[in-house]
1. Can you spot a residue in region 160-180 that is among the polar types (S, T, N, Q) and at positive phi?
2. Being among the polar types (S, T, N, Q) and either under 14 Å from M189 (Cβ atoms) or within 14 Å of the ligand (Cβ to nearest atom) (or both) is the filter here, so list the residues in region 113-142 that pass it.
3. Filter region 304-337 down to residues that are part of a helix (DSSP H, G or I) and within 16 Å of the ligand (Cβ to nearest atom), then give me how many there are.
4. Would you check if K145 is away from the ligand (no atom under 16 Å from the Cβ), basic (K, R), part of a loop (DSSP other than H, G, I, E, B) and within 30 Å of Q169 (Cβ to Cβ)?
5. Could you grab the pairs with beta carbons closer than 9 Å, sequence gap of 6+ or different chains, first residue in region 360-377 and in a loop (DSSP other than H, G, I, E, B), second one of a type in the set (D, E, K, R)?
6. Please find, within region 148-192, the residue that is nearest to C104 (Cα to Cα) out of those that are polar (S, T, N, Q) and within 16 Å of the ligand (Cβ to nearest atom).
7. Can you pull out every residue in region 193-243 that is within 16 Å of the ligand (Cβ to nearest atom), polar (S, T, N, Q) and under 20 Å from Q333 (Cβ atoms)?
8. Name the residues in region 255-275 that are away from the ligand (no atom under 16 Å from the Cβ) and within 23 Å of H319 (Cβ to Cβ), would you?
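Quick note: the coordinates plus some simple rules give every number you see, no bench work behind them. These numbers were taken from a predicted model, which means no experiment stands behind them. Here the Cβ positions follow ideal geometry from the backbone for every residue, glycine too, while neighbour counts run over all protein chains shown.
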Amino acid sequence: MTSKKYDLVIKNGRVIDSALGFGRNAHVFIKDGRIVKVEVDSAPIRQELRTLDSDQIIDATDKLVVPGLIDIHVHLREPGREDEETVESGCRAAAAGGFTSICCMPNTTPQIDNQGTVKFVQDRAQNTDARVFVVGAITKGQKGKELAEIGDLVKMGAVAISDDGFYVQNAEIMRRALEYARMFDIPVMQHSEDRQLCEGGMMNESYESTRLGLRGSPAVAEEVAVLRDIALCRLTEGRLHIQHITTRRAVDAVRQAKKEGVNVTAEATPHHLILTDKEISKEFNTNLRVNPPLRIEDDRDAVIEGLVDGTIDCIASDHAPHSAEEKDCEFDQAPPGMIGLETSLGLVKTFLIDKGYLSWADVIRKMTINPARILNLPGGTLEEGSLADITIIDPEKKWTVKADKFLSRSNNSPFIGQQLTCQVYKTILNGKVVFER
Ligand code: DOR
């Protein structure tokens with residue numbers, strides 16, 4: 001506790017907070033890691049600002065001031081592959097990308113399927129540049145055979161369960177997972193690709209895969225998986241979250257299920273919103289190999305439509321670091337995944353806002369309050385009394401993605417060389433600046 005009335009004031013920024021319904025110039029007052037108030041400009045407020053010391057003030061003229069961004073789909077490679085990412089480096093990358101909270105997936109080595117590994121990651125996340133929320137595994141070792149001790153995981157602080165990377169192929173196990181998760185009021189996050197249908201797939205099954213002679217993973221693998229899980233979610237009245245949705249029919253299925261009142265939510269990644277499988281033949285860039293794969297234009301358009309009409313609740317990066325040694329190989333030998341924390345916001349602004357699909361208010365909702373609500377996370381708003389997790393954005397700043405500038409330990413991004421508009425100016429966690437440009 002300090003004796004000053006405020007620890008920090010962010011003045012003159014354009015505050016966008018979907019929960020507050022706010023989109024105007026205002027000043028944000030912070031004390032002891034909390035938002036004290038958000039005030040539009042007025043003579044008394046200007047008078048109050050004059051009483052502050054300069055070291056307490058950030059001038060956010062021409063900047064956007066928004067709740068700290070939240071990414072609910074991130075792979076930190078600790079434990080097991082600290083050469084690719086650690087909890088600490090992942091959090092540094094998160095802060096550089098404007099994220100103050102991230103949720104890490106359990107496909108580490110060993111997997112996060114028990115209290116010990118949850119605790120290990122939580123311990124590693126003390127004093128990092130972002131809050132880390134742990135997603136535990138659905139099944140032991142993510143093998144899809146036997147449920148993990150879900151109650152134990154939740155007791156230790158897991159905010160959801162997922163076998164991300166793998167679909168829970170056994171419907172009976174998925175049913176039980178939804179039932180258990182319901183008892184603890186957490187969602188089951190599902191990587192929706194039927195394993196048998198996508199066995200051996202290296203890219204989307206399409207004209208392109210035939211032309212390139214690469215084994216395809218069909219869109220129907222996702223459709224089948226999503227339809228089955230919606231049926232199980234309806235039956236169990238649990239909460240289902242579809243991770244990285246990519247196909248028109250899967251988006252239609254979620255739209256229909258929501259209309260019926262099934263408790264299903266969905267996320268989309270920037271790469272599935274922007275890229276298609278046509279990119280692959282240009283240079284066989286192994287950073288374009290992802291699961292689920294980049295789809296055809298019609299699917300990509302459907303994911304955008306789903307995001308615009310609210311069928312898809314949030315944007316998540318699926319930040320998946322892989323080492324240069326592993327990615328520097330033939331396309332079909334490369335592990336799937338690309339990093340995303342440091343490019344998400346710029347990609348969304350450049351390809352979705354600037355092209356007229358989404359407004360800033362939409363984007364902030366889908367990157368703050370919506371993901372917070374899906375996982376019952378703190379933050380996502382600048383309402384009085386809430387956490388002082390704040391992102392200050394320079395919305396028209398142009399920059400080029402460079403391989404050697406990532407704070408992530410990995411640089412497996414297909415967007416290297418891409419010019420983007422919009423950059424994070426400062427990231428504030430718990431009232432303290434953790435990243436500034
Ligand atoms: O492309 C992907 N990479 N998709 C996943 O689901 C897993 C991720 C990883 O862990 O590398």
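1. Start the filter on region 160-180 by keeping residues that are among the polar types (S, T, N, Q), which leaves 162, 169-170.
Filter once more, keeping what is at positive phi: none.
For region 160-180, residues among the polar types (S, T, N, Q) and at positive phi: absent.
2. Across region 113-142, the qualifying residues are T139, Q142.
3. So the answer is 7.
4. Yes.
5. Hits for this filter: T368/D17; N376/D185; L377/R131.
6. Checking each candidate, the answer is S162.
7. N204, S217
8. Scanning region 255-275 gives a single hit, T265.
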